[in-house]
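Please read the structure below before turning to the comments.
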Amino acid sequence: MDRKDFFSEGWKQILGDISRTPIGSAIDRQLQGISNLLSPEWMQYQDFGAPMDPNSIEKRIHSDNLPRPPGALQDVDQFLNKCTSCGDCIVACPHGVLFTVPGIYGPVFDPNLKACRLCPEFPCIQSCEPKALKKLRKNHLPWFGRACLLSEECRNHPDKKEDEEICSICIKGCPVEEAILLSEDSLPEFADHCTGCGMCALVCPESAIEIDLSETEAG
């Protein structure tokens with residue numbers, strides 16, 4: 001190993017060791033969040049899911065009922081009183097999910113564009129010093145909306161099915177156990193404990209799933 005390779009590999013080892021420490025892990029999440037802000041998650045999935053229509057994106061981000069980040073105080077007045085709109089949760093999100101929209105105070109996200117990964121440690125909540133995002137109870141998941149199937153677009157619909165193979169991409173992509181099951185007709189059905197995180201909508205190659213946000217409020 002020559003001198004150049006020695007120092008190159010040495011730095012990789014050092015940085016790797018640092019990233020595994022609590023402080024290094026936090027720094028790594030911050031850098032990943034900044035990277036994702038510059039390269040939004042929904043752009044990274046263009047080749048995996050169905051192509052996104054720019055007009056649809058423009059319409060969606062101007063919605064007035066986009067959900068808040070995980071752990072957001074449910075009382076709108078309390079949330080607005082606590083949230084300073086500092087943007088720490090936006091940077092802390094390792095998947096670049098959160099953003100701000102003109103006319104809506106504080107962070108929001110759209111599970112039809114950028115799915116919440118339901119991170120085990122919820123770095124967005126940890127980063128919120130004013131406690132506008134409250135730590136979730138044990139075994140409790142946030143709720144953002146309700147997943148809905150556009151059955152005629154689904155690969156498993158009788159009119160679209162080309163062979164005997166059953167598509168289960170949405171089930172594999174769902175982070176919540178048994179939140180999506182297949183009916184007798186092989187069409188996805190969403191259980192009551194579905195969080196509306198948007199992962200199924202993100203990975204579906206046919207855009208056959210949407211998250212209904214009609215019951216969600218943004219301050």
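Which residue is farthest from Ile180 (Cα to Cα), if the candidates are limited to region 118-158 and must be aromatic (Phe, Trp, Tyr) and in contact with a strand residue (DSSP E or B) (Cβ under 9 Å, 6 or more places away or on another chain)? The extreme case among them is Phe122. Taking the numbered list (1) under 20 Å from Lys114 (Cα atoms); (2) at pLDDT 95 or above in turn, Cys154 passes all entries but (1). The combined condition, being buried (at least 18 other Cβ atoms within 10 Å of the Cβ), in a loop (DSSP other than H, G, I, E, B) and either out of contact with any His (no Cβ under 9 Å at 6 or more places or on another chain) or modelled with pLDDT under 95 (or both), is fulfilled by Arg68.
Could you tell me whether Lys134 is surrounded by fewer than 17 Cβ atoms within 10 Å (Cβ to Cβ) and either aromatic (Phe, Trp, Tyr) or at pLDDT 95 or above (or both)?
Numbers: surrounded by fewer than 17 Cβ atoms within 10 Å (Cβ to Cβ): yes; either aromatic (Phe, Trp, Tyr) or at pLDDT 95 or above (or both): yes.
Spelling it out, Lys134 is indeed surrounded by fewer than 17 Cβ atoms within 10 Å (Cβ to Cβ) and either aromatic (Phe, Trp, Tyr) or at pLDDT 95 or above (or both).
Taken over region 91-104, the criterion of being within 25 Å of Arg146 (Cβ to Cβ) and either surrounded by 21 or more Cβ atoms within 10 Å (Cβ to Cβ) or in contact with a Phe, Trp or Tyr (Cβ under 9 Å, 6 or more places away or on another chain) (or both) is satisfied by Cys93, Gly96, Val97, Leu98, Phe99.
From the list Glu129, Glu152, Glu165, the one residue that fits, being loosely packed, with under 13 Cβ neighbours inside 10 Å and in contact with a helix residue (DSSP H, G or I) (Cβ under 8 Å, 6 or more places away or on another chain), is Glu129. Within this structure, Cys148 passes the test of being in contact (Cβ under 8 Å) with a residue 24 or more places away in the chain, within 21 Å of the chain's Cα centre (by Cα) and either farther than 30 Å from Lys82 by Cα or assigned to a helix (DSSP H, G or I) (or both).
Screening Glu121 on (1) touching a Pro at 6+ places or on another chain (Cβ under 6 Å); (2) free of Cβ contacts under 8 Å to residues at least 12 places away in the same chain shows it passes everything except condition (1).
The values are calculated or read from the model by the stated rules, or taken from the named source; none is laboratory data. Keep in mind that what you see is a predicted model, and the values were worked out from it rather than measured. Backbone-built Cβ (ideal geometry, glycine too); neighbour counts: all protein chains shown.
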